[in-house]
Amino acid sequence: MKRKIISIDEQLCNGCGSCVEGCHEGALQLIDGKARIVSELYCDGLGACIGECPTGAIKIEERDVEPYNETAVMERISSKGEKTIVAHLKHLKDHGEKEYFVQGIDYIREHNLNVDISSLTNAESKMACGCPGSIARSFAASTATAVVSEDNVPQSQLTHWPVQLHLLNPEAGYFTGEDVVLAADCTAFAFGDFHNRFLKGKKLAIACPKLDSNKEEYVEKITKMIDSAKINTLTVVIMEVPCCGGLMQIAKMAADKAMRKVPIKQVIIGLQGEVKNETWV
């Protein structure tokens, strides 16, 4: 994908290492006496390191490179201590990178890192349309196969929040390399065993192709799931009514637009809860 990323002029670089210390993502390293990008995944292209360079060797340019990966950055810096992690998240906050900021907070919680993020939580609460209920969260699904109460309530297989396609971040860490279910809103109500049959072991996004607005945004988000999050498979679960087929069309448009190719399965649910059709397309 084409995006902004730093470029280093080796002739101007004097190997002082100031930019390495100024890079909160760990993207830079001194190699053979010169500053170099160790991986394009780690460079967010915001250019915080430019001001650290005394010789003007660093600039921002736009070129075809791998997309920035917040999960990979958190994995890289998580062993460097609380101070480094907080500095990185503050860097994202100061530059208005709301989606990556939420991914970083999500990573800390998902991996139970001992990091005090209290100074950043005010910013977090304003993420995702200003609604605290839209903040990205990741949690473990129950591994139980039996009922969990005297009322015979089955275990939920949901592992993250939010799930509505307009609200979720398609590049959230919990989507990376995962199997994803894109379900029409009505399917979970029509199919009684939706969690065990379709959701178990997968990540979820829901949408209504008839009532939801801005379908172009849906195409963009699914494309990002394929290219940036590198999802493994996409299962589209829809109702047998004609309007529901629009969700499958959105998925196909995203797949055609994406650089990567992923297997797509279509599942059609009947009005009385039966599986009418299940095919790879």
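The values are calculated or read from the model by the stated rules, or taken from the named source; none is laboratory data. Every value quoted in this text rests on a predicted model; they were computed, and no experiment measured them. Neighbour counts run over all protein chains shown; Cβ positions are idealised from the backbone, glycine included.
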- Item | Among residues of region 22-62, those that are farther than 14 Å from A72 by Cα, in contact with a helix residue (DSSP H, G or I) (Cβ under 9 Å, 6 or more places away or on another chain) and not in a strand (DSSP E or B), counted | 12
- Item | Failed item in (1) at pLDDT below 95; (2) more than 14 Å from the chain's Cα centre (by Cα); (3) not in a loop (DSSP other than H, G, I, E, B), with F198 passing the rest | (1)
- Output the residues belonging to region 63-72 that are over 13 Å from the mean Cα position of the chain (by Cα) and either at pLDDT 90 or above or assigned to a strand (DSSP E or B) (or both). R63, D64, V65
- Message: Which condition from (1) modelled with pLDDT of 65 or more; (2) in a loop (DSSP other than H, G, I, E, B); (3) over 25 Å from V181 (Cβ atoms) is the one that S156 breaks?
- Response: (3)
- Message: Any residue at all in region 271-279 that's at negative phi and surrounded by 19 or more Cβ atoms within 10 Å (Cβ to Cβ)?
- Response: no
- Which ones in region 213-236 are part of a helix (DSSP H, G or I) and of a type in the set (D, E, K, R)? K215, E216, E217, E220, K221, K224, D227
- Message: Looking at region 224-249, I want the residues that are assigned by TED's automatic domain parsing to the domain that holds L204 and crowded, with 17+ Cβ neighbours inside 10 Å and have a partner that is in a strand (DSSP E or B) and basic (K, R) with Cβ atoms under 6 Å, at least 6 apart or on another chain. Which pairs are those?
- Response: T235/K265
